Amino acid sequence: MIRSMTAFARKDTEGAWGTLTCELRTVNHRYLEPSLRLPEGLRELENELRETLRTRLGRGKVDVGMRLNLQENTEEGLTVNMALAESLNHAARQVNRILDNPAHVSALEVLRWPGVLEAPAHNMAPVHEAARQLFGEALDELITVREREGERLRPLFDERLTEMSDRVAEVRSAMPRLLERQSEQIRERFQAAGVELDEDRLAQELTLLAQKSDVAEELDRLDAHVREVRETLDADRPIGRRLDFLMQELNREANTLSSKSLDADVTRHAVSLKVLIEQIREQVQNLE
């Protein structure tokens, strides 16, 4: 399955407790690198959500953002921490006794003190459950988008792999003709120079030439790597790293083919192969 590493998904939900939004955004990265931004009330879910990402995604930089708006509990209202308020009032009276111009402490000033005015605590259990479900739905959508984007690249891969196979076949079919042409050129040079041909020496030279220019092994490996790429594209697992490695192997064989070239046409095919490999490699960098 071809999956792109570039995708975005957003899901929203609401309940009696308020509203919750989850956004997931992924871009290409060598490894899986999650980054979570959670509201304070959902911090304890971070490790659980990270583990879920590790089991569902192979690699990519993943940004997770959640926004939580809790519904105010108007039935219970606000409560006053009377013990803390009395302690503040007692402390204020003590300080006033040693001041030349003591100031009156108003009720509003006491209420502003941290911890004096308390809002009723929310029951976060249903919020946590809703966050887990919403995150799972957003992750499902993200994976669907990654697969859809990846499948759009399949025709590009198939087209270039087919062209690579055609180039390899053309070079393979041309090699006997090229070797025969090299033999004829050597004979013509000897004749033009008026040098008597030593058939044994000529056979040795032609054998050395054939060994140096033998690209059968490179052509076989190119065909094998192309088949491996096709099989990898059909695999139901993250394939980006495997394809990146295969692109390196294909490029190595194309370079060797170019260095052993006997003819401008072979060189042209080798260059075309390297161009096709690079075009695939650029897309592979964005695959999971």
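The values are calculated or read from the model by the stated rules, or taken from the named source; none is laboratory data. Model, not experiment: these values are computed from the prediction. Ligands, DNA and RNA are stripped out before the accessible areas are found, and what is left, the full protein with its side chains, is counted by its heavy atoms. Shrake-Rupley method; radii C 1.70, N 1.55, O 1.52, S 1.80 Å.
Ordered by residue, what ³J(HN,Hα) values in Hz, to whole numbers, does the range 217-223 give under the Karplus form 6.51 cos²θ - 1.76 cosθ + 1.60, where θ = phi - 60° and Gly and Pro are x?
Computed from phi, the couplings for the range 217-223 are 5, 5, 5, 4, 5, 4, 4 Hz.
Using protein chains only and a probe of 1.4 angstrom, how many square angstrom of K260 are accessible, to the nearest 10?
Its heavy atoms expose roughly 60 Å² to the probe.
E33's amide H: which non-local residues (gap 5+, or another chain) put their own amide H closer than 5 Å, with H modeled 1.01 Å from N in plane and none for Pro or chain starts?
So E33 has HN proximity to G60, K61, V62.
In whole angstrom, how far apart do the alpha carbon centroids of the range 76-110 and the range 230-264 sit?
Value for the Cα centre distance between the two parts: 77 Å.
Spelling out what I want: for every residue of the range 158-165, take phi, set θ = phi - 60°, compute 6.51 cos²θ - 1.76 cosθ + 1.60 (Karplus), and round to whole Hz; glycine and proline get x.
Going residue by residue, I get 4, 5, 6, 5, 5, 5, 4, 4 Hz, with x marking Gly and Pro.
Ranked from the most accessible area to the least, with a 1.4 Å probe and all protein chains present, what is the order of H104, H90?
Result of the area sort, largest leading: H104, H90.
Calculate, in nm to one decimal, what L111 and M82 gain on full extension: separation in residues at 0.36 nm each, minus their alpha carbon distance.
9.4 nm is the gain from fully extending L111 to M82.
If a/c stays under 1.5 just call it rounded; otherwise compare a/b with b/c (prolate if a/b is bigger, oblate if not). Do that for the range 232-288, with a ≥ b ≥ c from the square roots of the Cα gyration tensor eigenvalues.
Taking the square roots of the gyration eigenvalues as a ≥ b ≥ c, the range 232-288 is prolate.
If Rh is defined by the Kirkwood formula over all Cα pairs and Rg also comes from Cα, what ratio Rg/Rh do you get for the range 79-118?
1.02
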